[in-house]
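The values are calculated or read from the model by the stated rules, or taken from the named source; none is laboratory data. Computed from a prediction, not measured in an experiment: that's the story for all the values here. Ideal geometry is used to build each Cβ from the backbone, glycine not excepted, and the neighbour counts take in all protein chains shown. Remember, those area values only see protein heavy atoms, side chains included, never the ligands or the DNA or RNA. Shrake-Rupley method; radii C 1.70, N 1.55, O 1.52, S 1.80 Å.
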Amino acid sequence: LIDDLLPVATASHSGRATHVFRAVPGGSLSQVLLVLRAGEKLSEHENPGQALLHVLRGSVQLTAGDDTWDLGPDDYIAIPHHRHHLLASTDSAMFLTVVRERDELVS
């Protein structure tokens with residue numbers, strides 16, 4: 001699936017492509033396979049709940065406030081529960097696992 005998403009990310013203006021997996025429809029747990037091309041970034045945003053980022057391929061830099069983490073293949077991090085952004089140093093693929101807060105759930 002990663003190799004299928006790389007050309008989609010290349011063709012995309014944003015330089016990214018995703019595939020979303022939902023554990024249970026309407027539930028709070030989801031996983032996103034995220035592919036980012038080198039030099040592309042997810043702009044600063046809030047954390048929607050408890051989140052874990054697992055780098056599958058490539059290297060990325062996660063920044064939250066004054067803290068920065070460089071992550072490579074098989075590295076993972078619990079994403080801080082405040083504003084952050086993500087920059088792909090190389091073509092990268094990651095799994096983002098999110099458990100949304102109860103008040104974030106849509107009925």
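Provide a single number: the residues in the range 57-82 that are of a type outside the set (Ser, Thr, Tyr), over 13 Å from residue 97 (Cα atoms) and part of a strand (DSSP E or B).
Of the residues in that region, 9 qualify.
Taking the range 1-55 as the region of interest, how many residues are open to solvent by 50 Å² or more (accessible area, probe 1.4 Å), touching a helix residue (DSSP H, G or I) at 6+ places or on another chain (Cβ under 7 Å), part of a strand (DSSP E or B) and not basic (Lys, Arg)?
Count: 1.
For residue 91, work out the one condition from (1) within 24 Å of residue 14 (Cα to Cα); (2) among the acidic types (Asp, Glu); (3) surrounded by 12 or more Cβ atoms within 10 Å (Cβ to Cβ); (4) modelled with pLDDT under 95 it doesn't fulfil.
(4)
Inside the range 29-42, can you point out the residues that are out of contact with any Leu (no Cβ under 9 Å at 6 or more places or on another chain) and over 16 Å from residue 19 (Cβ atoms)?
Answer for the range 29-42, where residues must be out of contact with any Leu (no Cβ under 9 Å at 6 or more places or on another chain) and over 16 Å from residue 19 (Cβ atoms): just 38.
What is the residue count in the range 52-77 for residues that are free of Cβ contacts under 8 Å to residues at least 12 places away in the same chain and either closer than 18 Å to residue 18 by Cα or of a type in the set (Asp, Glu) (or both)?
1
What number of residues within the range 33-57 are modelled with pLDDT of 95 or more and out of contact with any His (no Cβ under 7 Å at 6 or more places or on another chain)?
Number of matching residues: 13.
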